[in-house]
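What follows is a set of notes on a single structure, which appears directly below.
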């Protein structure tokens, strides 16, 4: 069984998986993203990333919780709302990177109603 992972990330789980299926797990490694086109990124940025980096610089070192599930994880509305509720309740600074869900009409529709207003200044949600 070929698995897109590596021993450094999921070693003990891969061993267990191979034991369960009774076949060796062949690790093909993680796929690196294509080299970014800096001119396209700069044109598309419109200052949004600069604002996020400025906000991060204002936070205490090692105090920001990062939430990101990658682009292959498709979260349901209930899962996203539960994560948003937990982040709001935690009162911790956070940076949440997520793809706009297929069910969301726009970026504001992707999280709880008035979520961005309630967490203003304490957290950032980056929807792409």
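Readers should treat all values here as calculations from the given coordinates under stated rules, not as data from a laboratory. No experiment lies behind these values; they were computed from the predicted model shown. Please note: Cβ atoms are built from the backbone with ideal geometry, for glycine as well, and neighbour counts cover all protein chains shown.
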Practice task
Compute the acute angle (0 to 90°) between the alpha-carbon long axis of helix 7-21 and the principal axis of greatest extent of the alpha-carbon atoms of the chain; round to the nearest 10°.
Solution key: 50
Fill in the blank from the handout: With only helices counted (DSSP H, runs n ≥ 4, each -39500 (n - 2.57)), the per-residue ellipticity at 222 nm for the chain, to the nearest 500, works out to -12000 deg cm²/dmol
Practice task
Relative to the longest principal axis of the C-alpha atoms of the chain, give the angle of the C-alpha long axis of helix 48-58, reported between 0 and 90° and rounded to the nearest 10°.
Solution key: 90
Exercise for the section: Determine the shape class of segment 57-128: with a ≥ b ≥ c the square roots of the Cα gyration tensor eigenvalues, call it rounded for a/c under 1.5, and otherwise prolate if a/b is greater than b/c, oblate otherwise. Expected result: prolate
Practice task
Evaluate the distance, in nm, between pseudo-label points positioned 7 Å from the Cα of residue 17 and of residue 114 along their respective Cα→Cβ axes.
Solution key: 4.3
Practice task
Can you tell me the order of 17-29, 90-102, 72-84 when each peptide is scored by its average per-residue count of other Cβ atoms within 10 angstrom, highest first?
Solution key: 90-102, 72-84, 17-29
Practice task
Between residue 57 and residue 7, take the C-beta separation as r, use R0 = 35 Å, and let me know the FRET efficiency to the nearest 0.05.
Solution key: 0.50
